[in-house]
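Asks: Structure provided below as structure tokens; questions to follow.
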Amino acid sequence: MPPSTRCSDQAMGDDGLTLPVRTVFARACDPEDTPLPDTLRPAITDELDRAGHDGDPRCEPSAAAAWAEAERARFTALFATAEREGCADVLVRRAVLACAPLASVSGAWLQWMSEPGNAEEPVTMRALALFAADVGTGHPGDSRGDAYLALMRHVRVAVHARPAARLAHDRRIADPSFYLPALALTMSRRPDAYQGEIIGLDLCLRAVGLLPPLAGVRTRGPDTADWAALDPGRARSPRRAPAVDDARAVAAEFTAAAGAAGTTAIERGFAWAFAALRRWSDEAYRELDAARDPSFEMAELMRSRAREASTYHDRFVMRGRPLKQWLTEARTDPAPFLAALADSRLVRPGRSGESRLTGELVSENGRMFRVFPDDDLDVINRWIDALPADPAERGRLRPAAHQSRSIGFRPAPDTTGDDGVAPADLREAYTRLLRRTITPATRRYALRHVEGWLARSRHRMKQAAQSLPAEPPTDGLRPWLLDQHDLHNSEFQDGSDDPLPSRAELIDSTLQLAPLTLIDGAWLAGHTDYQLASAERGHFLFNTYWDELGNGELELNHPLIYRTLLREMDIDLPPTRSPEFAAWPAIRDLSFELPVYWLAIGRFPRTFEPEILGLNLAMELSGVGGSYRRARHALKHYGFSTTFVDVHNTIDNVATGHSAWAADAVDGYLAQQTPAARTDAWDRIRAGYRSLNPPSGFWARNAARRARVEASAHV
């Protein structure tokens with residue numbers, strides 16, 4: 001990595017201003033914590049600018065693919081050498097760990113490319129289709145990252161692998177391995193600023209394909225992993241085009257819309273990713289090559305354990321010095337300590353089985369019992385067995401001292417202290433919350449709004465007629481779901497002779513629903529987060545969101561279908577994300593209440609998970625078998641298209657559609673709760689269910705006001 005005033009290769013100073021790259025990576029994995037979006041921007045800008053290609057012909061997909069093929073051959077040859085030397089297992093383990101931060105989040109940089117305000121745009125749909133394939137939409141645990149987790153488990157290095165943020169705790173992974181994914185994920189949380197750069201880095205990584213160090217792992221174990229899934233450039237199914245072709249299509253769509261500025265941004269992101277990848281690959285190669293020497297891993301082990309060990313070894317003497325002193329110095333340079341240890345009575349060079357260090361000291365009766373886990377003992381045994389019997393020969397061994405660089409990002413100081421101004425009203429809140437990136441003040445507004453809305457929903461909930469049962473059904477929600485469907489049908493049949501609304505009334509109600517319907521699925525927007533989208537429960541919610549937006553097909557995109565219906569009614573609204581839309585005078589203030597709640601709660605997929613599960617169930621069930629059919633009659637009567645209600649009445653069905661998925665997600669959530677926690681969880685789910693249509697009386701709204709005041713004191 002090149003020198004930088006903001007991204008340093010050096011060990012961090014004591015000024016507290018540098019964020020370790022591991023910290024940036026871990027925070028960027030959190031769907032509710034946009035990691036220092038403004039103060040980090042200068043550091044990101046510096047990195048992107050430094051990698052400018054200046055016409056470098058290598059910054060093309062074909063050049064990236066050619067480099068990767070040559071690099072994979074280089075690693076394959078290194079593994080072949082290690083195989084002959086009998087240390088290939090060491091390289092497999094280290095290569096899998098080195099690739100883990102990037103491969104475990106493969107495709108995650110696209111996670112926020114879609115937002116409620118741009119759900120109708122072609123580039124959004126193409127990017128979301130690419131992301132949906134990455135997370136294995138419709139199938140839990142089927143993301144590219146999940147495939148990598150399976151490889152880590154096979155190699156037995158997955159102790160810190162789930163969730164991906166915990167990889168930052170794994171000190172076996174060198175800091176440089178976090179650099180590229182940390183910045184890529186951070187940019188993913190700021191699509192407003194880096195949309196083109198994200199598209200460019202995605203194109204680069206897909207053109208590169210399988211990360212080069214993994215080529216040697218694949219050669220040793222061709223059946224140990226889903227290698228197609230671990231290659232981001234390949235398709236996830238035989239029916240799809242290669243993912244790299246889809247990435248090209250996304251780039252083409254973006255440049256068509258954004259022009260020359262879009263092309264520049266894509267090239268900038270591509271150049272940065274390619275430069276970062278080449279540097280990291282060189283670093284990984286040097287580390288794997290060095291690891292062929294047993295003293296390399298032994299030095300790493302001693303350096304990592306020296307601090308704690310020095311506490312207990314103030315009496316044992318080697319070469320006339322207390323072991324504690326040796327260990328203290330080993331924290332920075334373990335080579336002298338290892339030389340002294342090799343000559344001590346604790347070690348029999350070339351014979352680990354006869355050495356006290358790996359024999360009696362670590363036995364059940366030894367003073368170091370369970371101090372070293374099996375993996376560490378393997379490292380020590382390998383080092384001892386490689387030591388020559390002749391002390392003179394040991395002196396000629398390659399130096400083992402190696403220190404992984406500590407990398408950090410130096411954010412710009414926040415001198416303004418300005419965290420923005422909260423929205424003044426619902427219309428302004430609607431426009432702001434359509435975007436992924438919001439100010440801290442708007443985030444606090446969203447949290448207060450959700451707390452207030454849910455307090456209103458909980459008001460006299462036990463007396464509510466339209467609600468979930470007081471207790472979760474013992475046989476799950478599917479039977480209850482069928483009962484509700486029957487009830488909807490009965491209500492529809494009973495009201496079949498009711499007069500239809502007038503044409504003017506139908507048009508007005510369709511318009512008043514526009515702020516809601518044009519952001520269809522917004523309550524699930526947080527579940528586009530990479531790890532939530534492929535989780536056991538989250539995959540139901542992401543798949544629902546994916547359906548609402550048409551599965552990448554513009555003709556099936558629900559907001560676009562609704563706009564077509566509005567145009568049939570001679571209503572041509574401005575783009576949803578524009579201030580003009582929220583200011584449209586014919587749309588009443590009340591029509592923004594529920595949409596703002598959807599937009600707000602969708603930002604907190606973890607904080608309000610049970611409430612979102614309940615809301616999702618209510619939303620998906622609300623029209624099936626009843627109101628959609630009534631709406632169809634009215635639309636057809638006046639000659640308007642019925643496509644919108646027809647689509648929803650089918651995909652929301654209670655057997656295999658969104659309603660069924662919603663019930664299954666709730667059941668799955670409850671199944672993971674302890675008996676003591678299940679009651680509270682169910683109450684929260686019930687509140688979420690009722691929040692689709694909360695009471696609107698004075699006392700209910702007063703409860704909402706009190707909750708907002710209380711929330712203000714805690715955010």
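The values are calculated or read from the model by the stated rules, or taken from the named source; none is laboratory data. Here the structure is a predicted model, which is why all the values come from computation and not from measurement. Note: ideal-geometry Cβ built from the backbone for every residue, glycine included; neighbour counts use all protein chains shown. Calculation scope for accessible area: heavy atoms of the full protein, side chains included, ligands and nucleic acids excluded. Shrake-Rupley method; radii C 1.70, N 1.55, O 1.52, S 1.80 Å.
Asks: From the list (1) 178; (2) 191; (3) 223, can you say which value of volume of the Cα convex hull per residue in Å³ was derived from the structure given?
Replies: (2)
Asks: Could you please state, rounded to a whole Å, how far the C-alpha centre of region 323-355 is from the C-alpha centre of region 626-691?
Replies: Cα centroid to Cα centroid, the span is 66 Å.
Asks: Follow-up. Could you compute the net charge surrounding G552? Neighbours are other residues with a C-beta less than 10 Å from the C-beta of G552; K and R count +1, D and E count -1.
Replies: Working: positive: R126; negative: D246, E553.
Once all neighbours under 10 Å are counted, the net charge is -1.
Asks: Region 206-225 to region 226-281: how many Å between their Cα centroids?
Replies: When both Cα centres are located, 19 Å separates them.
Asks: I've got another one for you. R0 = 30 Å: FRET efficiency of A235 with T437, Cβ-based, nearest 0.05?
Replies: On the way: r = 31 Å, r/R0 = 1.04.
About 0.45, to the nearest 0.05.
Asks: I would also like to ask the following. Run the accessible area of the chain with a 1.4 Å probe and give the carbon-and-sulfur part as a rounded percent. Don't skip to the answer; put the middle values down first.
Replies: Details: 15730 of 30760 Å².
C and S fraction of accessible area: 51 percent.
Asks: Also: Once amide H atoms are built 1.01 Å from N in the peptide plane, which residues 5 or more positions from L19, or in another chain, come under 5 Å H to H?
Replies: Here F409, R410 satisfy the definition.
Asks: Using amide H atoms built 1.01 Å from N in the peptide plane, name the residues 5+ places from G209, or on other chains, whose amide H lies under 5 Å from its own.
Replies: G233
Asks: Expressed as a whole number of Å, what is the distance separating the alpha-carbon centroids of region 429-461 and region 538-585?
Replies: 21 Å
Asks: If each DSSP helix of 4+ residues adds -39,500 (n - 2.57) and the sum is divided by the residues in the chain, what number results at 222 nm, nearest 500 deg cm²/dmol?
Replies: Using -39500 (n - 2.57) per qualifying helix, the result is -17500 deg cm²/dmol.
Asks: For the chain, which DSSP H helices look membrane-span-like by this rule: Cα extent along the axis of 20 Å or more and mean Kyte-Doolittle of at least -0.5?
Replies: Within the chain the helices that satisfy the rule are 61-85, 88-103, 191-208, 243-258, 260-291.
Asks: Shifting gears a bit: For region 104-148, compute Rh as the Kirkwood radius over C-alpha pairs and then the Stokes-Einstein diffusion coefficient at 10 °C and 1.306 mPa s; write the answer in µm²/s, rounded to an integer.
Replies: 146 µm²/s
Asks: Ordering E593, E451 from largest to smallest accessible area (1.4 angstrom probe), what's the sequence?
Replies: Ranking E593, E451 by accessible area, largest first, yields E451, E593.
Asks: May I ask you to order 503-510, 95-102 by the average number of other C-beta atoms within 10 Å around their residues, highest value first?
Replies: Final packing ranking: 95-102, 503-510.
Asks: Amide H to amide H under 5 Å from V317: which residues, 5+ apart in sequence or cross-chain, H placed 1.01 Å off N in plane?
Replies: Close amide H contacts, sequence-distant or interchain: L323.
Asks: Name the residue farthest towards the positive end of the dipole of the chain from the options P472, S106, T224, assuming +1 on Cβ of Lys and Arg, -1 on Cβ of Asp and Glu, about the Cα centre.
Replies: The Cα lying farthest towards the positive end belongs to T224.
Asks: Continuing with this model, one more query. Note down the magnitude of the dipole of the chain about its Cα centre, charges +1 on Lys and Arg C-beta and -1 on Asp and Glu C-beta and zero elsewhere, to the nearest 20 debye.
Replies: 1980 debye
Asks: With a cut-off of 8 Å between alpha carbons and a minimum separation of six or more residues, what is the relative contact order of the chain in percent?
Replies: Values: 1077 pairs, mean separation 128.6, N = 715.
Normalised by residue count, the contact order of the chain is 18 percent.
Asks: Could you order the peptides 535-543, 240-248 from most to least packed, using the average number of other C-beta atoms within 10 Å per residue?
Replies: Final packing ranking: 535-543, 240-248.
Asks: Follow-up question, since we're still on this one. Keeping every protein chain present and rolling a 1.4 Å probe, give me the accessible area per residue for the chain in Å².
Replies: That works out to 43 Å² for each residue.
Asks: Going by average Cβ density within 10 Å per residue, which order do the peptides 229-237, 629-637, 431-439, 598-606 take, highest to lowest? Could the numbers behind the result be given before it?
Replies: On the way: 229-237: 19.3, 629-637: 17.1, 431-439: 21.4, 598-606: 23.3.
So the order, starting with the most tightly packed, is 598-606, 431-439, 229-237, 629-637.
Asks: Report the charge-dipole magnitude of region 114-248 in Debye, nearest 20, computed about the Cα centre from +1 at each Lys and Arg Cβ and -1 at each Asp and Glu Cβ.
Replies: The calculated dipole for region 114-248 is roughly 600 debye.
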